[in-house]
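What follows is a single structure, written as structure tokens, with notes after it.
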Amino acid sequence: QVQLVESGGGLVQAGGSLRLSCAASGRPGATYAMGWFRQAPGKERRFIATISWSGDRTYYADSVKGRFTISRDNAKNTVYLQMNSLKPEDTAVYYCAGTSVPTGPPYEYRYWGQGTQVTVSS
């Protein structure tokens with residue numbers, strides 16, 4: 001079993017930046033792709049970005065492409081989401097998740113964190 005814990009959320013003004021972190025534990029030696037998702041109130045959970053185990057492949061939703069960057073440090077068992085040029089519509093609970101290969105649909109991810117709130121004020 002893999003445990004994922006997100007951190008780094010908070011309140012930021014539009015145009016600002018935040019960096020989210022996702023620390024993984026529980027399966028030493030396991031290799032897995034990681035993804036970030038977000039869910040706004042009353043809306044479904046949506047894909048933001050995913051990264052392969054080696055970090056050589058990354059994919060983004062069009063809504064965040066050019067503003068957000070996913071990265072990972074396997075030595076620290078941590079995945080990051082650097083968010084720049086934040087907009088009020090980026091406000092949501094952000095989740096990290098683990099799966100076998102980089103993919104988009106939430107149902108293909110086996111492991112999930114508890115989420116961290118990001119609020120962007122206008």
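The values are calculated or read from the model by the stated rules, or taken from the named source; none is laboratory data. From a predicted model like this one, the values you see are computed outputs, not experimental measurements. Positions of Cβ are generated from backbone atoms using ideal geometry, with glycine treated the same way; all protein chains shown enter the neighbour counts. We work out accessible area using only protein heavy atoms, side chains counted, and drop any ligands, DNA or RNA first. Shrake-Rupley method; radii C 1.70, N 1.55, O 1.52, S 1.80 Å.
Return the residue satisfying two criteria in turn: it lies in segment 68-85 and is in contact with a Leu (Cβ under 9 Å, 6 or more places away or on another chain), open to solvent by less than 50 Å² (accessible area, probe 1.4 Å) and of a type outside the set (Phe, Trp, Tyr), and of such residues it is farthest from Cys96 (Cα to Cα). Give the derivation first.
In the first step, residues of segment 68-85 are kept if they are in contact with a Leu (Cβ under 9 Å, 6 or more places away or on another chain); the result is 68-71, 79-84.
Remaining after also requiring open to solvent by less than 50 Å² (accessible area, probe 1.4 Å): 68, 70-71, 79-81, 83.
Those left that are additionally of a type outside the set (Phe, Trp, Tyr): 70-71, 79, 81, 83.
On the way: Ile70: 11, Ser71: 12, Val79: 8, Leu81: 9, Met83: 14 Å.
Looking at the filtered set, the residue picked out is Met83.
The one condition from (1) among the charged types (D, E, K, R); (2) buried (at least 18 other Cβ atoms within 10 Å of the Cβ); (3) under 12 Å from the mean Cα position of the chain (by Cα) that Arg46 does not meet is (2).
Give me a count of the residues in segment 86-119 that are among the aromatic types (Phe, Trp, Tyr), under 10 Å from Trp36 (Cα atoms) and open to solvent by 40 Å² or more (accessible area, probe 1.4 Å).
1
Hey, does segment 26-46 have a residue that's in contact (Cβ under 8 Å) with a residue 60 or more places away in the chain and hydroxyl-bearing (Ser, Thr, Tyr)? There is at least one residue in segment 26-46 that is in contact (Cβ under 8 Å) with a residue 60 or more places away in the chain and hydroxyl-bearing (Ser, Thr, Tyr).
Scan segment 18-43 for residues that are crowded, with 16+ Cβ neighbours inside 10 Å and out of contact with any Phe, Trp or Tyr (no Cβ under 7 Å at 6 or more places or on another chain) and the total you get is 4.
From the set of residues in segment 77-108 that are in a loop (DSSP other than H, G, I, E, B) and at pLDDT below 95, which is nearest to Gln3 (Cα to Cα)? By that ranking, first place goes to Asn77.
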